[in-house]
Amino acid sequence: VSEDEKTEDYLFKIVLVGDSAVGKSNLLARFARNEFYPNSKSTIGVEFQTQKIDINGKEVKAQVWDTAGQERFRAVTSAYYRGAVGALLVYDISRRQTFDSIGRWLNELQTHSDMNVVTILVGNKSDLKDAREVPTSEGKALAEAQGLFYMETSALDSSNVAAAFQTVVKEIY
Ligand code: GTP
Ligand code: MG
């Protein structure tokens, strides 16, 4: 088997979930292309990108799916979640409302996907320190109560973006 074929061995579907404008598409852009869009528009329908991840020296591929937070722009829910083995449940640390929505998103995720989908709660926009509305301790507490991994990220300054995806893929693998 050639090196090329070996890399096809592991392809994990991971879904991004959360309210509009929390930064789902920018987390994916940062992770897959190391890009950031200060004025990105709402996602319409569904997009996905595949990115290689190194797990203990083995190459794994994460196929990350992204859809809109707003109902009217969203992909068909059941198709979006079908086959997902990992999920990033994203809120914006500078908008409490997006954190309050997490319960609803978690409910949708659990309704439409496999019971043991590896999930991480992600508090994005950690760079917006002065605008913070959700303390780290609250994010951590919710994650613990729900049995989720937890991390704060910034798609803007890159902090923890790769780490968040890696945490999920490592656990699946
Ligand atoms: P929908 O597609 O509507 O569901 O939104 P989304 O969750 O994909 O949000 P998107 O990635 O489009 O980002 C929304 C806005 O937040 C954009 O203006 C981004 O530039 C900004 N943004 C995303 N991530 C960060 C971040 O980590 N820090 C800061 N300061 N801004 C961010
Ligand atoms: Mg988007």
* Structure fact -> Pairing a residue in region 71-96 that is on the phi > 0 side of the Ramachandran plot with any residue that is surrounded by 14 or more Cβ atoms within 10 Å (Cβ to Cβ), where Cβ atoms lie under 6 Å and the two sit 6 or more apart in sequence or on different chains, gives Gly83/Lys13
* Asked: For region 73-112, which residues satisfy the criterion of being in a loop (DSSP other than H, G, I, E, B), more than 11 Å from ligand 1 (Cβ to nearest atom) and in contact with a Leu (Cβ under 9 Å, 6 or more places away or on another chain)?
  -> Ala84
* For region 55-72, enumerate the residues that are part of a strand (DSSP E or B) and farther than 24 Å from Leu106 by Cβ. => Ile55, Lys58, Glu59, Val60, Lys61
* Asked: If we keep just the residues of region 55-67 that are within 16 Å of Leu28 (Cβ to Cβ) and either surrounded by 19 or more Cβ atoms within 10 Å (Cβ to Cβ) or acidic (Asp, Glu) (or both), which is farthest from ligand 2 (Cβ to nearest atom)?
  -> Ala62
* Asked: Restricting attention to region 30-54, and to residues there that are in contact (Cβ under 8 Å) with a residue 60 or more places away in the chain and closer than 23 Å to Gly83 by Cβ, which single residue is farthest from ligand 2 (Cβ to nearest atom)?
  -> Ile53
* Residue match in region 34-54 (condition: part of a loop (DSSP other than H, G, I, E, B), in contact with a strand residue (DSSP E or B) (Cβ under 7 Å, 6 or more places away or on another chain) and crowded, with 22+ Cβ neighbours inside 10 Å) -> no
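Bear in mind that the values in this text are calculations on the coordinates, not laboratory data. All figures in this text were calculated on a predicted structure; none of them were measured in a lab. Please note: Cβ atoms are built from the backbone with ideal geometry, for glycine as well, and neighbour counts cover all protein chains shown.
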